[in-house]
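The values are calculated or read from the model by the stated rules, or taken from the named source; none is laboratory data. Since the structure is predicted, the reported quantities are computational estimates derived from the model, not experimental observations. Neighbour counts run over all protein chains shown; Cβ positions are idealised from the backbone, glycine included. SASA here: full protein model, heavy atoms, side chains in, ligands and nucleic acids out. Shrake-Rupley method; radii C 1.70, N 1.55, O 1.52, S 1.80 Å.
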Amino acid sequence: MLGTIIAIVCLAALAFFSAPLWLWVAVGVFGLLTGVFAWWFALPWLAVCALSGVASLRMKFVSRPAFKLFKNILPPLSATEQAAIDAGTVWWDAEIFNGKPDWRKLSGFRDPELTEEEQSFIDNETEILCQMLNDWRFIHHDKDLPPEVWQYVKDQGFIAMIIDKKYGGKQFSHYAHAKVENKIASRRPAAAYMIMLPNFLGPAELIQHYGTDEQKDYYLPRLAKGIDMPCFALTGPWAGSDAGAIPDTGFVCYGSYTDPRGGSHHENVLGVRVSFEKRWITMAPIATVIGLAFKLRDPEGLLGGKEDIGITCALLPTVMEGLHHQCRHYPNETPFWNGPVWGKDIFFPLEWIIGGRDYAGQGWRMLMECLSVGRCISLPPQSVGNAKHAAWTTSAWAGIRRQFGLPIGKFEGVADALALIGGHTYQMEATQDLALTGLDLGENPSVISAMVKFNNTERLRKVMNDAMDIHGGRAVVGGPRNYLASMYNAVPIGITAEGANILARCLMISGRAHSAAIIMC
Ligand SMILES: Cc1cc2nc3c(=O)[nH]c(=O)nc-3n(C[C@H](O)[C@H](O)[C@H](O)COP(=O)(O)OP(=O)(O)OC[C@H]3O[C@@H](n4cnc5c(N)ncnc54)[C@H](O)[C@@H]3O)c2cc1C
């Protein structure tokens with residue numbers, strides 16, 4: 001009886017202090033040899049030590065059988081889910097999943113820094129732009145930026161931040177890009193969407209990474225100057241989160257087309273005839289070029305390979321006959337340009353596939369890889385800017401608004417909510433900066449990017465709820481002096497776009513964490 005109690009106490013103590021394997025073995029052997037532990041207790045103890053400590057035994061008798069069991073129980077992964085899970089790199093996040101993160105490694109990363117040019121752009125051009133913007137006018141009257149603001153945005157390169165200098169872009173670091181976004185979103189939250197959106201995942205990024213020289217030379221200078229306005233069309237009425245299930249299909253065939261870019265006519269060209277129906281596409285109504293995702297099939301074997309080629313991305317000028325893009329949606333009181341795009345039997349040459357014919361069927365991988373980066377530098381910095389705006393205005397309001405003879409910030413309930421706003425905002429910026437550090441080190445941390453997108457947009461929801469509560473009627477009643485309502489209305493956009501949050505948590509974060517854990521076993 002005493003032996004059993006000693007054994008249980010030893011077991012608990014070793015587990016509680018995360019004792020190393022050699023200590024577990026030593027205690028087991030000592031207990032067995034001295035007779036303190038019964039043999040039926042000590043031998044299984046040592047067997048478990050051997051199974052958990054010797055990798056080859058563990059893999060043979062535990063990991064592989066368990067993996068086989070779960071493989072049979074779980075539904076099979078589709079190719080698109082697998083590509084989503086495989087995209088990107090594993091960076092510091094590997095430390096989290098190995099159960100014993102090396103915090104010194106984390107604190108050893110150098111803080112990202114801005115170059116002189118980037119700092120000056122934030123202090124000067126961005127400052128001027130912020131002063132030109134007027135959210136009330138944008139949302140309630142114009143539903144667009146005034147022409148002079150658009151011109152300033154294009155002339156100063158606000159939509160060319162990710163484009164290489166040799167093509168006329170700014171070639172800013174990811175960190176600088178995010179800091180510009182932070183500032184615009186902190187001053188004019190709704191207008192920020194409109195200005196920053198052409199930088200996010202879309203034609204420019206795809207062309208830079210995968211485009212042919214001809215595509216780069218033609219489109220990148222035009223996108224940098226704003227001569228072309230891009231949008232990217234993936235989502236449709238039948239496929240949202242499950243974007244790999246888009247029904248839009250293109251067939252490889254011979255056909256003729258007139259190139260709207262120069263007017264030249266071409267007969268009997270090998271290309272694609274595509275029909276598609278997309279919706280909720282940002283910038284679509286004013287776009288001049290659409291990055292289109294569709295499924296490519298080659299039933300006549302004209303490319304010499306399999307019939308089902310897979311998801312492919314192509315660049316279509318919007319002036320093509322049969323292509324419709326000018327209707328408009330209004331995303332939750334935040335009227336940046338957004339709308340449906342559809343087309344029937346549109347023929348284009350293979351050279352319009354992003355990356356050319358070699359990249360036919362590579363679309364899903366390209367999108368997933370770019371999204372791993374894009375997720376860090378689009379919605380998370382917008383959320384940080386919005387949260388800073390809320391923290392700044394709400395703390396000021398709590399100081400000047402008096403009730404019961406006191407500034408409302410003196411009441412514990414209000415102070416409590418203010419503290420939460422401050423805490424969330426601090427964590428959001430720290431999370432953003434960590435992800436940007438990874439990106440600027442050349443990583444493509446897909447789990448971290450999903451975590452940042454998920455956490456920052458969810459935390460913004462909490463921050464905005466508290467900020468609205470503290471402002472009371474001041475933030476509920478509309479008018480040019482209401483500086484919070486537009487941001488509050490925009491929260492669900494961040495939650496939904498670029499991988500809806502519940503899906504991001506389940507598939508991109510937990511799903512990939514499980515895969516990482518299985519690989520490490
Ligand atoms: C303002 C705005 C702008 C947009 N801009 C563009 C654009 O420029 N280009 C473009 O192609 N698309 C764009 N979209 C579309 C956007 O990408 C989709 O809305 C998004 O992918 C979610 O799809 P859905 O809205 O159809 O939701 P659904 O896919 O119907 O999902 C509904 C709910 O189910 C959850 N869910 C779905 N599958 C799973 C799963 N496996 N596990 C757990 N939860 C799951 C989701 O998280 C969500 O909460 C935009 C959308 C909005 C609202």
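Below are the figures for this structure:
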read-out	value
Long pairs among K166/K388; K105/K183; K60/K100; K143/K388; K183/K462; K60/K306, criterion Cα-Cα beyond 28 Å	K166/K388; K105/K183; K60/K306
Dipole in debye (nearest 20) - the stretch 360-460, about Cα centre, beta carbon charges: Lys, Arg +1; Asp, Glu -1	380
Where the stretch 383-452 is the region considered: accessible area per residue in Å², 1.4 Å probe	45
Cα-projected label distance for N72 with M59, points at 7 Å along beta-carbon direction, nm	2.2
Binned Cα-Cα distances of the chain, short to long, each 20 Å bin given as a whole percent	19, 45, 25, 9, 1
Protection proxy ranking of 219-225, 478-484 - average other beta-carbon atoms within 10 Å, highest first	219-225, 478-484
Packing-based order for 371-379, 54-62, using average beta carbon neighbours within 10 Å, highest first	371-379, 54-62
Aspartates and glutamates whose Cα lies under 17 Å from that of K216, excluding same-chain neighbours fewer than 8 positions away	D164, E205, D228, E351, D358
Prolate/oblate/rounded call for the stretch 68-127, Cα gyration tensor, a/c under 1.5 rounded	oblate
Only Lys, Arg (+1) and Asp, Glu (-1) charged, at Cβ; the chain dipole about Cα centre in debye	1480
Protection-proxy order for peptides 81-90, 136-145, 405-414, 182-191, each taking the mean of Cβ atoms within 10 Å per residue, highest first	182-191, 81-90, 136-145, 405-414
Eligible aspartates and glutamates near K344 by straight Cα distance, threshold 12 Å, same-chain separation 8 or greater	D248, E277, E321
Prolate/oblate/rounded call for the stretch 225-365, Cα gyration tensor, a/c under 1.5 rounded	oblate
Around T212: net Lys/Arg minus Asp/Glu count, Cβ-Cβ under 12 Å	-3
Cβ-defined net charge surrounding L484, 15 Å radius [Lys, Arg +1; Asp, Glu -1]	+4
Accessible surface, 1.4 Å probe, highest first, among residues W39, W280	W39, W280
Largest-first ordering by accessible area, 1.4 Å probe, given options W91, W392, W24	W392, W24, W91
Anisotropy class of the stretch 285-369 from Cα gyration tensor, a/c 1.5 cut	prolate
Within-11-Å neighbourhood charge of I309 [Cβ basis; K, R +1; D, E -1]	+1
Euclidean distance between Cα centres, the stretch 194-230 to the stretch 385-415, Å	43
Axial C-alpha extent at least 24 Å, average Kyte-Doolittle at least -1.0 - helices from the chain (DSSP)	379-400, 412-440, 446-471
Accessible surface of the chain, 1.4 Å probe, proportion on carbon and sulfur as whole %	59
